[in-house]
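Everything below concerns the one structure shown next.
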């Protein structure tokens, strides 16, 4: 059909697509440019370019310590969500039991409830038992919203494992535990890694629930940025944003290199 | 002047970035009402030809003429050709009747006429009364029929079918084979279909165009293609065969090493090297045991019983012959036994364009 | 591993061990909070604390009788509607292009379209503050070109919040559409063209109807995400945009009226569920 496409229509279509992509990527592009501005306040276009804002970010103890906390929380959440997700997926993929439907629903349900509603509920539960503004509190809250994702990716990996491979190992004399460690686990490792990375990224970028749970002691980077932005929009935040974007992109590229993103998602 | 309804001339398609053309200088023509099969292995360019005729892709060069008029520049939606896709490509969000009426709606045909013609088309393909069904409620064979009705209702210049039977199971395939043939004969529409299945091509088509590597190898009636293959490719692609290399000693007689004298039909210059072919079912059991023209004695090495036929591998001299014998032919040979096989010179084919 | 091959008792114990950690985590972060939220919404107002006690309808009374909260609910619906409509309109061409193209750049372009998901919504909201702010990209450009004298107010109002939310939700919409475009295929378009349909007819009669389910799913997804958003409305609105999300946050962390925050959350949940129910009804009606 290509030869019958009028040139003008094709040109208009391409232009439209380019404009839409520009709109979609505009904030990221602009943040990138602003991050090199030398001035103290927000203005466009930058007068001159430097790494001054980046230097300020690295000299800002609030951001540095929040970054460290976000990293720790993200790593613990990633590992925990993968472990819990693996156990849940195994029981769902390999066992038949009464109430399986309810468990399935329960795992998907957090997708169906707005995070802000969950946030208020978690805050109300955690307040009386002193979990607000603690590492345990924020980690548990993030586990709740990331486990559904890890279950999904791990289930997909498990489904693609041929049961007969496991049966063959059993027939050849491996104990069930051995089969799990030597056969099943290596075969689903792409799903485990993908699930862990997704859980880490969600936790690392999450703001809504964190804002209800953390305060001074365990504030994460997104909550610090949120509070900073309520009063100021200077280029320091742009530099910090670029660093965050690069971390996320770096993690994803590493996963893509390791196992292929398509399999991960 | 012969009435050529469809004429393909020196058609070439080279995809951008490709080393060699997918379709290379292919020419053929069809008289009105003929059914032509484009036969060849996958990737031979047959589907590309079909899609160029349809207007779905543009040829690199060459002409496609309908009634003498070049249609290459006409956009696909104005070409007025019917096409039955391999996957049928029925519109899943429409009923069967709406699928069939789609082409008529595009042609702004009146409502009452649409109803009439849709009903007639559905009757033709034996889907009477199923017009209000959803596409997903039809069986594979019924979907095939609906796709045919949809492309015939617009009274196309030419009906194109892309691997029409490949999505059906074996039993349904035989049924639809006859059915398509009958519908085509009844409507008199000129048709071209693409297939990789030689049985399908031999049994459905008036003529076959055999393709390989983008080139047209041979075009002819099923009989010509089967009994008189002109190239190595056609001879090996269609049916089984015993192949011999020989030297022509005198007109119609070749000397085959390890076998002896083989008389054949066709004209080859004396002294030239030739390639000859004998179909296994053309070899017959010769009970007399006497020497004569094209008779070869040997030991039965292997027997496969196939119900209606018996496939023998017979060692004659240094050659091995494969023979399909009918199982009702009296006393059957046994493994290790000595037998004599004979073949009439008319059944020994000289492959004209074989690579020497 | 075959359950039948084992004693039922041992298998049950294993199963329990497998299920327990995950279910406890989900129970603590999902089931319990929702129940507790519901209970808290019926408690009498207490500042910054809730630990059971009496039952009262006073929070709901406040929500339902105060015209401010009616305005908030209305604002929320309007924001959700606008964001959903424009996000779908702007995402549709991209999704359609990605679903149909045979370009070898397809993978890269798909990644580019969903890459913004990797960026915190706080960061992307900041990007829009930079673009639309009083000294931002657009205002600077307009003033440099002498098109305006003063500042054109693009932030601290619902316009800014709407624009930022549209962009933030576009990757979700594109993904939802792509997975909903399963019935689109080029052969159907070719078949229609062979039957005499020109490009416009192929679009209106084949592509549009076949992509409609994906479009509706995307619209629903964006709508429910938009009505529960609070980070972007809060930052882009500069405290002048009042939607359910911002009010819930306000009551929970500033005013510290937790029963009221709970009641507003329940209201949001009700709104949320009714939209989903209406959507499913509509979809069923569409299919019938």
Next item on the list: Can you tell me how much longer the chain between residue B:249 and residue B:157 gets when fully stretched, taken as 0.36 nm per residue apart minus their C-alpha distance, in nm with one decimal?
Entry: 27.9 nm
Next item on the list: Find the relative contact order for the stretch A:61-264 and round it to a whole percent, using C-alpha pairs within less than 8 Å whose residues are 6+ positions apart.
Entry: 34 percent
Check: Add -39500 (n - 2.57) for each DSSP H run of 4 or more in chain B, then divide by its residues: what number comes out at 222 nm, to the nearest 500 deg cm²/dmol?
Finding: -7000 deg cm²/dmol
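Assuming R0 = 41 Å, what is the FRET efficiency of residue C:135 and residue C:208, from their Cβ-Cβ distance, to the nearest 0.05? All intermediate terms of the calculation are to be shown ahead of the outcome.
On the way: r = 43 Å, r/R0 = 1.04.
The pair residue C:135/residue C:208 has a calculated efficiency of 0.45.
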Item checked: Crossing angle, helix A:185-205 versus chain A [Cα axis fit, 0-90 degrees, rounded to tens] -> 30 degrees
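At 222 nm, what helix-only mean residue ellipticity would chain A give, in deg cm²/dmol to the nearest 500, using -39500 (n - 2.57) for each DSSP H run of four or more? It would help to have the intermediate numbers written out before the result.
On the way: 13 runs with 195 residues, N = 265.
Using -39500 (n - 2.57) per qualifying helix, the result is -24000 deg cm²/dmol.
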Notebook entry, point to check: Using the alpha-carbon centroid of each, what span in Å lies between the stretch A:46-88 and the stretch A:162-225?
Noted result: 19 Å
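Classify the stretch C:67-287 as rounded, prolate or oblate, taking a ≥ b ≥ c as the square roots of the eigenvalues of its Cα gyration tensor: rounded when a/c is under 1.5, otherwise prolate if a/b is larger than b/c and oblate if not. Mind showing how you got there, number by number?
On the way: a/c = 2.40, a/b = 1.43, b/c = 1.68.
Taking the square roots of the gyration eigenvalues as a ≥ b ≥ c, the stretch C:67-287 is oblate.
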Next item on the list: Note down the nm distance, to one decimal, between modelled labels 7 Å out along Cα→Cβ at residue A:8 and at residue B:302.
Entry: 7.0 nm
Item checked: Folded to 0 to 90 degrees: helix B:170-187 orientation relative to chain B principal axis, Cα -> 60 degrees
Margin query: Distance between the C-alpha centers of the stretch C:184-222 and the stretch B:58-83? Whole Å please.
Written below: 25 Å
Item checked: Average Cα contact separation per residue, the stretch C:67-287, under 8 Å, 6 or more apart, as relative contact order % -> 28 percent
Note to self: With a cut-off of 8 Å between alpha carbons and a minimum separation of six or more residues, what is the relative contact order of chain B in percent?
What the structure shows: 16 percent
Next item on the list: Be a star and scan the stretch A:111-135 for residues whose amide nitrogen sits under 14 Å from the point 7 Å along the Cα-to-Cβ vector of residue C:276.
Entry: A:111-118
Note to self: Could you work out how much longer the chain between residue B:107 and residue B:128 gets when fully extended? Use 0.36 nm per residue separation minus the Cα distance between them, nm to one decimal.
What the structure shows: 5.2 nm
Check: In nm, to one decimal, how far is the residue A:246 label point from the residue C:61 one, both placed 7 Å along Cα→Cβ?
Finding: 5.8 nm
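222 nm [θ] for chain C, helices only, -39500 (n - 2.57) per DSSP H run of 4+, per residue, to 500?
On the way: 13 runs with 194 residues, N = 288.
After summing the helix terms and dividing by residue count, I get -22000 deg cm²/dmol.
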Check: In nm, to one decimal, how far is the modelled label at residue B:185 from the one at residue A:56, with both set 7 Å along Cα→Cβ?
Finding: 8.8 nm
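Pop the C-beta distance of residue B:338 and residue B:270 into the FRET formula with R0 = 35 Å and round what comes out to the nearest 0.05.
Working: r = 34 Å, r/R0 = 0.97.
E between residue B:338 and residue B:270, to the nearest 0.05, is 0.55.
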Note to self: For chain A, what are Rg and Dmax over the alpha carbons, in angstrom?
What the structure shows: 23.1, 73
Next item on the list: Express in nm, to one decimal, how much length is gained between residue B:67 and residue B:352 on full extension, taking 0.36 nm for each residue of separation and deducting their alpha carbon distance.
Entry: 99.3 nm
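Nearest 5 percent is fine: what portion of the DSSP beta bridges confined to chain B is antiparallel? If you can, show how the numbers build up before the last one.
Details: 58 of 75 bridges.
If we restrict to bridges inside chain B, about 75 percent are antiparallel.
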Notebook entry, point to check: Any idea what angle helix A:7-34 forms with the longest principal axis of chain A, computed on alpha-carbon atoms, 0 to 90 degrees, nearest 10?
Noted result: 80 degrees
Margin query: Compute the distance from the alpha-carbon center of the stretch C:224-284 to that of the stretch B:9-40, in whole Å.
Written below: 63 Å
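Just so you know, all these numbers are worked out from the coordinates, no wet-lab data involved. Not measured: the values here are computed from a predicted model. Don't worry about glycine lacking a Cβ; one is built from the backbone with ideal geometry, like all the others, and counts go over all protein chains shown.
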